[in-house]
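To keep things clear, I will list the structure first and then write my remarks on it.
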Amino acid sequence: MKIFKIIGCIVLLALVGCSGGGESSTLGSVFPSDPASAVAPTAPSGLSATTASSSQINLAWTDNSSNETGFKIERKTGTTGAYVQIATTSANATSYSDTALTVSTTYNYRIRATNSVGDSGYTTEVSATPQANGAGTSPTGVTATAVGTSINLTWNPVANAISYKVYWGTSTGISKSSTQISNITSPSYQHTNRTIGTIYYYVVTAYVSGFVDGPVSTEVSAQNIHYAREIEVNNTTATATAIIIAGDAVRGQLSSDTDVDYYTFNSTGGVVSFSIKTDDTVPAQYSNTYIKASIIASDGTTVLSSISNISEDTTQFYPLSANLPVGSYYLKFEKNPNSQGFRKDYVVSSSYNSTMNREVEPNNGLISATPMTIDSGSIRGQLSSDTDVDYYSFTSTGGAISFSLSSDYTVPAQYSNTYVKASILASDGATVLSSINISESTTQIYPLSANLVAGTYYLRFEKNENSQSFSKDYIVTY
């Protein structure tokens with residue numbers, strides 16, 4: 001009987017529990033109500049490590065189990081260290097940030113899920129290295145273009161860039177201590193509401209995974225050209241309105257016979273050329289009147305260059321040029337002494353070009369035309385024979401374009417009394433829109449202007465049909 005009692009107790013313990021010592025067990029205490037919790041969790045997958053700063057690495061993974069109580073994070077420093085558990089997350093976590101790390105040190109990671117039964121297998125190992133601020137690649141091809149009151153910035157995309165920063169200011173030497181615009185997600189930015197006439201300078205940086213705000217790009221600048229009214233009172237050199245060469249365009253008015261307008265500007269050395277015309281808003285009753293414009297030396301009295309017959313023709317541009325050393329100068333507008341009493345509006349666009357590059361040969365056809373950008377430089381070219389023809393291509397955004405042309409100062413004496421013909425051609429390369437003959441005078445500046453719609457055009461130089469055989473150098477400022 002005793003044997004059967006022991007056996008019975010054992011069987012009963014296996015099935016429903018065994019009573020003894022006044023205690024009892026139930027079936028639920030032997031077989032848990034949730035069978036899933038009785039097994040170890042499934043291993044996570046897809047572990048990644050991303051450098052977030054010079055001292056932080058962010059981990060992310062996929063949770064493949066439904067019964068984990070958390071995830072164990074293990075880390076190893078370098079290739080020779082041992083893995084150490086650094087944290088245990090809560091259940092259902094899929095990310096973790098490891099902070100207070102050492103810059104330029106490689107960290108390896110693996111994780112596994114855990115619960116009361118045990119641990120899952122490990123993920124594949126991953127690694128990342130915090131980098132110092134300023135490491136990485138700087139954006140290339142940065143451009144700044146003024147459009148209205150905005151400046152449009154573009155640059156080449158940087159591989160794996162998460163975002164970009166633009167640093168800017170109104171003086172050169174932009175750095176990371178300058179004003180910044182952050183969280184730019186595409187390789188372009190429009191800087192709106194800029195002050196007309198102010199030069200803005202920019203550099204761009206890229207934030208790439210593994211780096212923090214990489215090195216700065218090459219500095220670029222842009223300035224919004226404007227047609228603002230003159231600032232009165234400006235009828236003396238002391239009250240002259242300041243203008244910036246290649247940056248300002250001014251719409252002014254001689255309000256009476258005695259009104260005189262002065263503008264002050266600085267030359268960095270070289271040829272300064274202004275394009276001047278009558279304003280489109282001149283009332284008809286003030287027709288048949290003329291303006292005199294002059295470039296004045298710093299003493300305010302010595303006239304270096306002048307033009308007296310700026311007429312009422314609203315489409316004609318008049319060039320006013322002078323080769324100036326470094327210094328301050330004045331641009332003066334007044335009534336032509338022989339003109340009738342009048343009120344007269346005018347427009348002056350300033351451009352300054354000191355770089356004179358040689359033409360790129362061969363450029364004797366439309367396909368081989370030397371490209372040039374309006375308001376960006378000057379070219380010294382040569383018609384080397386009677387049959388030589390030089391072409392330059394340029395793009396107009398719409399409006400008046402004016403070139404200043406002259407003979408080169410190095411023209412040999414034996415080729416005097418010769419003439420160059422210069423023409424602006426339409427996109428077909430044949431239709432002449434405007435042309436002018438340039439003599440051997442090395443001091444005479446010739447204007448070549450046209451009011452163009454947006455598109456591609458050509459500037460052509462050739463021997464004048466009635467000129468003798470020759471070789472001829474020329475200069476074009478644009």
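Hey, can you tell me all the residues within the range 200-216 that are closer than 20 Å to residue 161 by Cβ, touching a strand residue (DSSP E or B) at 6+ places or on another chain (Cβ under 6 Å) and at pLDDT below 95? Residues satisfying the conditions are 205, 206, 207, 208, 209, 210, 212, 213, 214, 216. For residues that are modelled with pLDDT under 80 and of a type in the set (Lys, Arg), tally how many sit in the range 269-312. Of the residues in the range 269-312, 1 are modelled with pLDDT under 80 and of a type in the set (Lys, Arg).
The residue list 79, 94, 114 contains one member that is crowded, with 17+ Cβ neighbours inside 10 Å, more than 30 Å from the chain's Cα centre (by Cα) and either within 16 Å of residue 45 (Cα to Cα) or at pLDDT below 90 (or both), which is 114. Taking the stated definitions as given, is residue 86 touching a residue at least 24 places away in the same chain (Cβ under 8 Å) and among the aliphatic types (A, V, I, L, M)? It is false that residue 86 is touching a residue at least 24 places away in the same chain (Cβ under 8 Å) and among the aliphatic types (A, V, I, L, M).
Among the residues of the range 420-457, those identified as modelled with pLDDT of 75 or more and not in a strand (DSSP E or B) are 426, 427, 428, 429, 430, 431, 453, 454.
Does residue 154 satisfy being surrounded by fewer than 13 Cβ atoms within 10 Å (Cβ to Cβ), farther than 25 Å from residue 52 by Cβ and touching a strand residue (DSSP E or B) at 6+ places or on another chain (Cβ under 7 Å)? No: the conditions fail for residue 154.
With respect to residue 385, determine if the residue is polar (S, T, N, Q), assigned to a loop (DSSP other than H, G, I, E, B) and modelled with pLDDT of 80 or more. For residue 385, the condition - polar (S, T, N, Q), assigned to a loop (DSSP other than H, G, I, E, B) and modelled with pLDDT of 80 or more - is not met. Is there a residue being at pLDDT 70 or above and assigned to a strand (DSSP E or B) anywhere in the range 357-373? Checked the range 357-373: at least one residue is at pLDDT 70 or above and assigned to a strand (DSSP E or B). Filtering 85, 56 for residues that are in contact with a strand residue (DSSP E or B) (Cβ under 8 Å, 6 or more places away or on another chain), loosely packed, with under 14 Cβ neighbours inside 10 Å and either small (Gly, Ala, Ser) or not assigned by TED's automatic domain parsing to the domain that holds residue 201 (or both) leaves a single hit, 85. When the residues of the range 158-172 are filtered to those that are in contact (Cβ under 8 Å) with a residue 40 or more places away in the chain and either out of contact with any strand residue (DSSP E or B) (no Cβ under 6 Å at 6 or more places or on another chain) or of a type in the set (Ser, Thr, Tyr) (or both), the one that is farthest from residue 190 (Cα to Cα) is 159.
Whether any residue in the range 217-228 is assigned to a strand (DSSP E or B), within 30 Å of residue 336 (Cα to Cα) and either at pLDDT below 70 or within 30 Å of the chain's Cα centre (by Cα) (or both) is what I want to check. Yes, some residue in the range 217-228 is assigned to a strand (DSSP E or B), within 30 Å of residue 336 (Cα to Cα) and either at pLDDT below 70 or within 30 Å of the chain's Cα centre (by Cα) (or both). Taking the criterion of being under 49 Å from the mean Cα position of the chain (by Cα), of a type in the set (S, T, N, Q) and over 20 Å from residue 105 (Cβ atoms), the residues of the range 36-76 that qualify are 45, 62, 64.
The values are calculated or read from the model by the stated rules, or taken from the named source; none is laboratory data. Predicted, not measured: the structure shown is a model, and the values here were computed from it. Counting neighbours? That spans all protein chains shown, and the Cβs are built from the backbone with ideal geometry, glycine included.
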